[in-house]
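Below is one structure, written out as structure tokens; the observations come after it.
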Amino acid sequence: MTGTSQERGYGLLSALKQGENYWIEAVLEKKNLDAVINFLHNITGKPVRITDRTGKVYACSEGVKMASADDHFVDIPQNGNSILIYDPAQRDLYYRADSSDGEAWIIIGNTGEAEYPAWLPYLEEVATAVKICIFIAHEKENMEHQFKKKLIEDILLWNASEIKELIRQNKYCLDLDKLYFVSIMEPVLDSKTDMETLYKHTLEWLKYHEDVVICSVWNEKYIIFICPNKYDLQTLESDDNWDNYLSYIRKHQKDIAKRFNIPTYFGIGRKYLITELHKSYQEALTALNISKLTGKKNSVTHYLNLGVFKLINLQETAMLRQFCAENLGRLLEHDRTTKGELLQTLRVLCDTDFDVNAAAQKMFLHFNTLRYRIKKIEELTGRQLDRILDRLNLFVAVKLHDLLLLNGLLGEPGSAEKEAADSTANNPAAQLMRRRSCL
């Protein structure tokens, strides 16, 4: 392409003179941003991308690399309500197409600081059309998300009649006669990353990797994956080797860490028919929480690998609470009445394999102070920490106590009990466990 960007712009003034209505009609008729992208690319001679506020790319000019999930996202500079941002290091120009909330951005790459002032009239001309197109795209995404959320809610909360009706309506090719399993990701978000951005990145990542039937945000805390069972192509028998899927998750985990620099936890349940998939969800959630409570960082944990902790998922909630009370009841009461730290001390001992020196260092305690606390723990629990069976009972009781408390299933006297009850009302895991305990 020859001539300066300004000369190329004059050659396209006939389109510009149509006004913003011309571009609005163009995007509504074509239902995409191709006309806008081509116009801006011809005006500037530069690579052009259009994104929303999360940095997700909705359109780009020819030649822009889009070979991976990361290529579909751009880091939008945080610079207040500035309509125009120029990054001299990257030579990128960011134009806020929606001045009110920054939901739409036009990004022109490889730009010199002296070049872009001449492009502002053209950017202003197409801004409303870009804003409308991004708004429509978001509305479609929200409708899709609400449908998936409803479907997942019915599957995971065991509404069997609703499941069958939704499967008849949906486009995800779910089959009542095939096996599926649930995987749960819990990210440790920071101030730079929100769940919406991570979810959109995950959806793009899945397009370049293994197929997942449904992926959705769940309970504002997790990203849920409903995955189809694999079958041996020669024998048509179920493939029970989890290694491929585990390596696939670890790759996803690694890519998230590289892109967002945040840790994630994954839990995986066993395979079931759709109408029984709530069991896989509960297993995946148990695997995820147990791995966190046992101090594993960035873990990928399958329910089958939980060992003795698998027994937790087989018991009624009332029995689990009773086990905690029998082993920790007097200790918990002592902590409540004296504002003591014996439970935390026992928790650290469990996490350090009952190594007294390591526990003292971790808690910044004098060795004799820790020995005194251990003596008090033994007195209140009736257990001896130098006996393996007593250690096992206390270890399981502590982890079980934390797991039940995490899911809002372990009420404590006073305000804590009310808080646990309130959290249960909005906690799908707690609802499901309570339903199980009533069967």
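A crude spin-label estimate for the pair Lys178 and Glu62, with each label 7 Å from Cα along the Cβ direction, gives 3.8 nm.
Placing pseudo-labels 7 Å out from each Cα toward the beta carbon at Ala257 and Glu276 gives an inter-label distance of 3.5 nm.
For a quick check: sort His334, His401 by the number of other beta carbons within 10 angstrom, fewest at the front.
Details: His334 17, His401 23.
With the sparsest Cβ surroundings first, the list reads His334, His401.
Give the lysines whose C-alpha is closer than 25 Å to that of Lys230, dropping any in the same chain fewer than 8 places away, or say none. The qualifying lysines are Lys148, Lys149, Lys164, Lys171, Lys178, Lys207, Lys251, Lys254, Lys271, Lys279, Lys310. Each residue of the stretch 355-366 was assigned a 3J(HN,Hα) from its phi angle through the Karplus expression (A = 6.51, B = -1.76, C = 1.60, θ = phi - 60°), giving 7, 4, 5, 5, 5, 4, 5, 5, 9, 6, 10, 5 Hz with x at Gly and Pro.
Its Cα centre serving as origin, the stretch 5-135 has a Cβ charge dipole (Lys and Arg +1, Asp and Glu -1) of approximately 160 debye.
A dipole drawn for the stretch 5-135 from +1 and -1 charges on Cβ atoms has a positive end, and of Gly109, Trp23, Val74 the residue lying farthest that way is Trp23. Extension gain, Leu120-Asn32: 0.36 nm per intervening residue step, less the Cα-Cα distance, totals 29.5 nm. With neighbour counts taken as other beta-carbon atoms within 10 Å, the residues Ser68, Ser61, Ser247 rank, fewest first, as Ser247, Ser68, Ser61. Full extension of the chain between Lys192 and Leu304 gives 36.9 nm of extra length, using 0.36 nm per residue less the Cα-Cα distance.
Compared with the alpha-carbon gap, the fully stretched path from Met143 to Glu25 is longer by 40.1 nm at 0.36 nm per residue.
Charges on Cβ only, +1 for Lys and Arg, -1 for Asp and Glu, centred on the Cα centroid of the stretch 291-357; of Asn298, Gly340, Gly329, which one is farthest towards the dipole's positive end? Result: Asn298, furthest along the dipole toward the positive end.
Find out how many positive minus negative residues lie around Gln253, taking Lys and Arg as positive, Asp and Glu as negative, among other residues whose Cβ is under 12 Å from that of Gln253. Could the numbers behind the result be given before it?
Details: positive: Arg250, Lys251, Lys254, Lys258, Arg259, Lys297; negative: Glu186, Asp255.
Summing Lys and Arg as +1 and Asp and Glu as -1 gives +4.
Summarising the label geometry, the points placed 7 Å from Cα in the beta-carbon direction at Leu157 and Arg371 lie 5.5 nm from one another. Determine the shape class of the stretch 5-135: with a ≥ b ≥ c the square roots of the Cα gyration tensor eigenvalues, call it rounded for a/c under 1.5, and otherwise prolate if a/b is greater than b/c, oblate otherwise. The shape class here is rounded.
Hey, fewest Cβ within 10 Å first, where do Tyr122, Tyr248 land in order?
Tyr248, Tyr122
Quick note: the coordinates plus some simple rules give every number you see, no bench work behind them. Because the structure is predicted, anything quoted here is derived from the model rather than measured. As a convention, Cβ positions derive from the backbone with ideal geometry for all residues, glycine included, and neighbour counts pool all protein chains shown.
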